[in-house]
1. Can you list residues from other chains, or at least 5 along the same chain, whose modelled amide H is less than 5 Å from the amide H of ILE67?
2. What nm distance separates the two modelled labels at ARG47 and GLN80, each placed 7 Å from Cα along Cα→Cβ?
3. Using the Karplus equation 6.51 cos²θ - 1.76 cosθ + 1.60 (θ = phi - 60°), what ³J(HN,Hα) coupling, rounded to whole Hz, does each residue of region 47-58 give in order, writing x for Gly and Pro?
4. Can you give the FRET efficiency to the nearest 0.05 for ILE163 and SER119, using r as the Cβ-Cβ distance and R₀ = 22 Å?
5. LEU83's amide H: which non-local residues (gap 5+, or another chain) put their own amide H closer than 5 Å, with H modeled 1.01 Å from N in plane and none for Pro or chain starts?
6. Using a 1.4 Å probe, how large is the accessible area of PHE157, given in Å² and rounded to the nearest 10?
7. Using modelled backbone amide H atoms (1.01 Å from N, in-plane), which distant-in-sequence or interchain residues come within less than 5 Å of PHE100's amide H?
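The values are calculated or read from the model by the stated rules, or taken from the named source; none is laboratory data. The structure displayed is predicted, hence computed values, not measured ones. Counting neighbours? That spans all protein chains shown, and the Cβs are built from the backbone with ideal geometry, glycine included. For the accessible areas, the whole protein counts, side chains as well, though only heavy atoms, and no ligand, DNA or RNA atoms are used. Shrake-Rupley method; radii C 1.70, N 1.55, O 1.52, S 1.80 Å.
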Amino acid sequence: PPPPHPAAPSAGGLGRVGEPLVFTAHHRLILALTFTAGGEPLAASGRDLNINLGDPETGDLRDSLPIFIVDLADIDISLQGNLLASGEAVWDLETGAEVFILERGTYQATFVAFSPDGSTLALARFDRETRLLDLSTGEEIFRYPVLEETRTKRMEFSPDGTILAEGVIYGSIR
């Protein structure tokens with residue numbers, strides 16, 4: 001049987017080659033992980049309805065952002081390191097405050113990706129269209145429908161931000 005879960009996320013750091021340390025970020029299944037471009041914090045979303053931000057050097061829990069979907073499929077941190085997005089919301093990592101609420105409480109897996117300059121967020125729900133949002137206003141700037149045979153599983157912007165690639169469920173990229 002698996003070991004019992006601790007009462008709170010534990011310290012311990014993530015370790016270096018040869019000396020693994022454990023940061024117990026969640027008490028249930030972890031669904032997504034991401035670092036900032038600078039390497040910290042480490043953000044992890046899990047089925048315990050939190051996105052936890054941890055220090056990868058010490059394993060200390062820095063912050064915990066509440067989420068409302070059990071199966072939150074994806075999170076991303078802007079290259080500038082100032083914003084974190086999930087399918088539900090965008091948070092300011094400095095203050096922990098929500099900048100925008102996107103799709104709170106929906107139960108379809110949602111995928112997100114920041115453009116390299118941090119000005120645009122791509123948001124794709126598994127069963128719906130892909131939308132591009134202007135992060136200075138929160139307004140939708142583009143939308144295209146998802147076809148049954150091309151439901152999104154992963155997204156990524158090109159380094160110059162001019163192309164959004166989507167990996168889809170049946171093995172193609174559009």
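1. ASN50, ILE51
2. With each label placed 7 Å out from Cα toward Cβ, I get 3.6 nm.
3. 6, 8, 6, 9, 10, 9, 10, x, 7, x, 7, 10
4. Details: r = 15 Å, r/R0 = 0.69.
According to the calculation, E is roughly 0.90.
5. Residues meeting the amide H criterion: SER78, LEU93.
6. Using a 1.4 Å probe on the heavy atoms, I get roughly 30 Å².
7. Amide H neighbours of PHE100, under 5 Å, 5+ apart: VAL90.
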